[in-house]
Amino acid sequence: MNTSIQIGKIMGIPIKLHITFLLILPVFAYFFDVNPAPFGFNDVPSTITRYALSLSAAILLFICVLLHELGHSAVAKKHGSNIQSITLFLFGGVSAMEEIPRNPKVEFKMALAGPGVSFLIGILLGITYILTKPADLSYTAYLFLDISKNPYLRLVWLIGYINIILGIFNLLPAFPMDGGRVLRAWLAGRMSYIKATRTAAGIGKMFAIFMGIFGLLAGGIWFILIAFFIYIGASEEEKSTEVTVVLEGVKIKDIMSRNVTPVTPGMSVEELVDFMFRYKHMGYPVVDDSEVKGIVTFTDVQKVPREERKNVRVSEIMTKDVITLREDDDAVNAIKLMTVNNIGRIVITKEKQIVGIVSRTDILRSVQLLE
């Protein structure tokens, strides 16, 4: 199931909206609608104006998040990294790149680019707001007491303020925040990359634990949710880096399964279930006249009701866009493709003939053995 919708491209990078973004946008608009000044518009007498300002604030907030991610992406592209997409979702935005630059100086620049964009937006909007100060008010009164007077200028102040907070928050020294990558880049200049990652991830986890405890004691559910998000992000970054480093120099031919038994497009799903039970694999290439037509997995089978499996053919449920690699490709390429495309296995070919298949299980087992 595709949970993201592409809405366009910027700098050649596909921009997507995750389903969670579409759900959270009205929540943010409601938050701005019911809160008083300076963080909301509930004092605006006109209902239409209040709703328009609240929705505008929510949309502008996520546009700023997109610009934040484009800051990362611009620096990454400048240094040769390929950006697959930028997705806006519940907690903000994520740039999907093929590989985080291993060069500490490049990662340092890339990590700081996002918060830099947020700070720039905040400063520019702050200056815009200050320039509108009436002559009879002091700057102190205008910045802290008069924000509620003009709701349109309040919107300018609010988005500027949120961007400053966004920049500061992202510099926290914890994955998956940018500050975690800044910390790793600094550490990587003084120790091995994997040790730097483990150290930065450990600091991130400790930070998350303290934040979670504070949330429990203070009754702040958002602190607990953010702490959970940080802890999971730090753990995933640590594991992902370990896998990448351990697999360096390993070829796909060293870890793939060579005894591949293909299935045919005309096989029924019921026959496929028996086939899976006999050969104990969860995914198979679909071959017709020695040509790979697709790949079918147990997940595909589960979508077919049991009573219909006798009449449904493999060709009707298989994935036709088959991603393949060669046996001399690096094993790291396989895990990258699996992550980017959210798949569990890749068919390995040689001169258009199937010579093997590699799955996440094969890769993880190899990592365990190599460690």
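Please compute, over every Cα-Cα pair in the chain, the percentage with a separation greater than 26 angstrom.
On the way: 43241 of 68635 pairs.
Value for the chain (Cα pairs over 26 Å): 63 percent.
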> Cross-link partners among aspartates and glutamates for K77, C-alpha distance below 13 Å, same-chain residues fewer than 8 apart left out?
Replying inline: E69, E98, E99, E107
> Going through the range 315-359, which trypsin sites (Lys or Arg not before Pro) have at most 13 other Cβ atoms within 10 Å and a DSSP loop state?
Replying inline: K320, K352
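By average Cβ neighbour count within 10 Å, what is the ranking of 152-158, 113-119, 22-28 from highest down? Each step should come with its number before you reach the end.
Numbers: 152-158: 19.1, 113-119: 22.3, 22-28: 13.9.
Taking the mean over residues of other Cβ atoms within 10 Å, the ranking is 113-119, 152-158, 22-28.
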>> Please compute, over every Cα-Cα pair in the range 172-256, the percentage with a separation greater than 21 angstrom.
In response: 37
> Can you give the extra length, in nm with one decimal, that the chain gains between V34 and T20 once fully stretched, where that is 0.36 nm per residue apart less the Cα-Cα distance?
Replying inline: 2.9 nm
> How far apart, in nm, are two points set 7 Å out from the Cα along the Cα-to-Cβ line at F210 and at R190?
Replying inline: 1.7
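Given the -39500 (n - 2.57) contribution per DSSP H run of 4+ residues, what per-residue ellipticity at 222 nm results for the chain, rounded to the nearest 500 deg cm²/dmol?
Values: 13 runs with 207 residues, N = 371.
Calculated mean residue ellipticity at 222 nm is -18500 deg cm²/dmol.
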> Measuring from a point 7 Å past the Cα of T361 along Cα-to-C-beta, which residues in the range 287-306 have an amide N at less than 12 Å?
Replying inline: 298
>> If I model a spin label at T261 and L370 as a point 7 Å from the Cα along the Cα→Cβ vector, what separation in nanometres do I get?
In response: 3.0
> If the chain between I323 and F275 were fully stretched, how many nm would it gain, using 0.36 nm times the residue separation less the Cα-Cα distance?
Replying inline: 15.0 nm
>> Would the range 199-330 count as rounded, prolate or oblate if I go by the C-alpha gyration tensor, calling it rounded below 1.5 in a/c and otherwise prolate when a/b exceeds b/c, oblate otherwise?
In response: oblate
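Lys and Arg at +1, Asp and Glu at -1: add these up for the other residues within a Cβ distance under 12 Å of T261 and post the number. All intermediate terms of the calculation are to be shown ahead of the outcome.
Numbers: positive: R258, R278, K280; negative: none.
So the surrounding residues net to +3.
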>> If the reach is capped at under 27 angstrom between alpha carbons, list the lysines near K253, excluding any in the same chain fewer than eight residues apart.
In response: K239, K280, K293, K320, K336, K350, K352
>> Show me the ranking of peptides 64-72, 296-304, 209-217 by mean Cβ neighbours inside 10 Å, starting with the highest.
In response: 64-72, 296-304, 209-217
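Where a number appears in this text, it was derived from the coordinates with a stated rule and is not lab data. The structure presented is a predicted model; accordingly, all values stated were derived computationally and were not measured. For neighbour counting, all protein chains shown are included, and Cβ atoms are generated from backbone atoms with ideal geometry for every residue, glycine included.
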